[in-house]
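Written out below as structure tokens is the structure these notes cover.
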Amino acid sequence: MIVGYPFSAVVGHDDLKLALLLNAVSPAIGGVLVRGEKGTAKSTVVRSLAALLPEVAVVAGCRFSCDPAAPDPSCPDGPHESGLSPQTRPARLVELPVGASEDRVAGSLDLERALTEGVKAFEPGLLAAAHRGVLYVDEVNLLHDHLVDLLLDAAAMGVAHVEREGVSVRHAARFLLVGTMNPEEGELRPQLLDRFGLAVEVRASRDPAERAEVVRRRLAFDADPAGYTGAYAGGERDLALRIAAARDRLPAVTLPDDALRGITAVCAAFDVEGMRADLVMARTAVALAAWEGRDEVTPGDVRTAARLALPHRRRRDPFDDPGHGLDEERLEQALSEALSPDDDSGDDAPDDAPDDGPDDDGPGGGGASGGEPADAPPGEGGASAGGRRPESPGAPYRTRLLAPEAVGRGGPAGRRGRTTGESGRAVGARTPDGRLRRLDLPATLAAAAPHQRGRGRTGSGLVLRREDLREALREGRESNLVLFCVDASGSMAARTRMRAVKGAVLSLLLDAYQRRDKVGLVTFRGEEATVALPPTSSVELASGRLARLATGGRTPLAAGLRRAERVLAAERLRDPRRRPLLVVVTDGRHTSGPDPVVTARRLAGVASVVVDCEHGPVRLGLAGRLAAALGGTAIRLEELAADHLAAVVRDVRKVA
Ligand SMILES: [Zn+2]
């Protein structure tokens with residue numbers, strides 16, 4: 001048996017531990033999103049939670065973990081007779097791997113058996129397995145958006161729902177959802193971010209003594225896991241009992257009017273969208289009171305709840321970094337205004353807060369201790385290496401649609417390349433080449449009709465066989481991986497030119513964001529190429545990296561292409577359904593390394609566009625040559641804007 005690291009042995013991470021415990025007390029809070037760099041033991045802490053949760057009683061043999069006291073009326077394994085002897089088992093922590101299919105997550109329905117045999121054959125998915133336990137997604141930011149959506153819907157409704165062609169199955173799926181992510185690898189889209197109840201930033205401690213203690217404990221655990229865990233058994237038991245007691249107390253906790261006013265005032269002050277923040281804060285504050293063994297919410301509970309529930313909900317534009325904490329001063333001001341007793345007699349109670357010994361409330365503080373100013377670029381050979389400041393990008397504009405020419409086959413839904421798949425307009429019918437997912441009824445009837453007599457049909461029902469089934473062949477739009485390979489060398493670096501280039505890439509990034517693409521950024525200059533941004537589903541980071549991109553030096557174009565080739569190969573493994581589009585932004589010159597044309601030919605299987613940045617009276621046409629080697633097309637930088645298209649068409653006509 002694998003022995004997990006004990007929760008009570010975790011050093012520091014107070015906010016994370018508290019957020020998990022409060023959700024364990026009150027799952028209605030809506031889960032926890034944990035953001036932090038690699039190596040901060042996020043996963044260890046999350047996984048250690050399961051051991052603290054009370055055991056659950058289940059109906060023996062039910063694959064959907066029905067509670068014997070109140071079985072799910074829609075349970076696919078039901079109905080369950082009452083009075084069966086219940087079993088108890090530990091609460092589960094189910095891990096959802098990033099590459100999981102929708103069937104694996106939601107469960108799969110055998111539509112063919114439903115139609116031809118009339119039975120609902122349903123194979124439970126991970127949502128069923130996680131019912132009444134914890135569902136943990138590591139690297140949740142790398143999960144397909146539609147899976148995240150599906151998860152958050154189930155978490156919010158407490159129900160999992162699979163429907164195919166009018167055959168539907170639903171079952172209870174109440175779980176505590178925990179996601180962890182490293183923001184360096186890409187942000188969650190803002191609309192998904194705020195659907196997690198609480199969000200916590202974790203970072204490794206900056207205190208040497210605390211770090212030493214972390215190491216000491218980890219070594220002791222690895223040397224003798226069972227013995228080490230035994231030493232913490234008492235602490236674990238106490239926490240488990242405290243969770244159980246807090247759950248019992250929860251319904252009796254009251255939320256006084258002034259505390260509620262504090263909550264709504266804070267939410268209004270931080271200009272959060274909708275009412276979800278207010279509800280989450282209220283539930284969190286109530287859970288906190290229960291956890292502390294109190295029957296009433298205090299202002300302190302509200303303050304803590306704000307710290308956990310608000311940072312990821314502040315209104316922001318898509319290119320903001322959501323990683324900052326709360327503005328503590330604004331929080332205190334909103335709270336003190338709402339909680340001051342003479343509330344109605346005018347709002348000029350000016351000095352409620354001068355005695356605010358800056359942060360009495362401990363470790364969470366706004367990161368002032370961290371030493372790095374929030375918006376300075378971390379290292380990454382920025383301005384200093386190139387000897388001058390990076391140019392800021394020119395203003396973004398609407399770009400032409402760049403897309404793979406060939407029609408794809410079943411890529412993830414989006415708004416770029418054309419693809420056949422499950423959505424879009426019907427362009428025909430076919431026999432399914434795997435499991436039937438969407439029935440084309442007229443085509444199926446047409447296929448079955450000629451055989452009715454031969455199959456000995458007597459009554460009014462149609463005799464349907466597996467081989468009759470047809471699905472609609474549809475053509476829609478897919479989302480792609482758009483990998484930018486950007487020349488940042490001296491040949492491009494005339495200052496105004498680089499501004500235009502950055503403006504173009506920024507425009508393409510915005511376009512990719514609206515089309516739900518994944519984007520990645522490879523740059524090359526001097527002697528080497530670097531992956532400035534690994535492929536990510538969010539564009540926020542890319543624009544930041546782009547603005548900070550330093551320029552100058554020689555032009556290792558082949559190295560840039562090689563690096564792009566490696567990134568594409570890795571992505572093919574990670575996300576095989578998504579077709580790539582390589583966008584090379586260069587004037588086509590190379591002054592360092594081997595001939596790029598040789599490398600370019602190896603990329604000929606990938607759809608590509610070269611944005612030609614050459615300018616001036618004498619043109620060499622190197623970008624065109626590169627595009628030919630890539631098997632792609634070239635487009636001049638000036639032609640990239642959507643409203644230039646008409647002009648281009650005119651030019652083409654003139655030539656023809
Ligand atoms: Zn059941």
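The values are calculated or read from the model by the stated rules, or taken from the named source; none is laboratory data. Since the structure is predicted, the reported quantities are computational estimates derived from the model, not experimental observations. Ideal geometry is used to build each Cβ from the backbone, glycine not excepted, and the neighbour counts take in all protein chains shown. Each accessible area value is taken on the protein alone, full model and side chains, heavy atoms only, with ligands, DNA and RNA left out. Shrake-Rupley method; radii C 1.70, N 1.55, O 1.52, S 1.80 Å.
Label positions at ARG203 and ARG418, each projected 7 Å from the Cα along the C-beta direction, are separated by 5.0 nm.
In terms of the Cα gyration tensor, with a ≥ b ≥ c the square roots of its eigenvalues, is segment 1-156 rounded because a/c is under 1.5, prolate because a/b exceeds b/c, or oblate?
Numbers: a/c = 2.43, a/b = 1.44, b/c = 1.69.
Because a/c hits 1.5 or more and a/b fails to exceed b/c, segment 1-156 counts as oblate.
Peptide packing: for 564-571, 429-436, 523-530, the average count of neighbouring Cβ atoms within 10 Å per residue gives the ranking 523-530, 564-571, 429-436, highest mean first.
What is the calculated FRET efficiency for VAL407 to THR458, with r their C-beta to C-beta distance and R₀ = 51 Å, to the nearest 0.05? Step by step, r from the Cβ atoms, then E = 0.70.
The stretch between GLU213 and GLU81 holds 42.2 nm of extra length on full extension. This uses 0.36 nm per residue minus the Cα-Cα distance.
Once the Cβ-Cβ distance of ALA231 and THR88 is raised to the sixth power relative to R0 = 35 Å, the FRET efficiency obtained is 0.85. Available extension along the chain between ASP14 and ASP257 is 84.6 nm, counting 0.36 nm per residue and deducting the alpha carbon span. Qualifying trypsin sites (Lys or Arg not before Pro) in segment 1-105, where qualification requires a DSSP coil assignment and no more than 12 other C-beta atoms within 10 Å, comprise LYS38. Taking a sphere under 14 Å around the Cβ of GLY616 and counting the other residues whose Cβ falls inside, with K and R at +1 and D and E at -1, yields a net charge of 0. Per residue, segment 506-556 exposes 29 Å² of solvent-accessible protein surface, assessed with a 1.4 angstrom probe and all protein chains in place.
Modelled label positions at MET157 and ARG113, each set 7 Å beyond Cα in the direction of Cβ, lie 2.3 nm from each other. For LEU441 and HIS615, the difference between the fully extended length at 0.36 nm per residue and the C-alpha to C-alpha distance is 56.9 nm. Candidates THR40, VAL98, VAL134 compared by Cα position along the dipole of segment 1-135: farthest toward the positive end lies THR40, with charges placed on Cβ.
Efficiency by 1/(1 + (r/R0)^6): what FRET value for ASP248 and ALA60, r their Cβ-Cβ distance, R0 = 35 Å, to the nearest 0.05? Intermediate values should be presented prior to the final figure.
Details: r = 26 Å, r/R0 = 0.75.
That pair, ASP248 with ALA60, gives E of 0.85.
Taking 7 Å steps out from each Cα toward its Cβ at ARG625 and ALA223 produces label points 6.6 nm apart.
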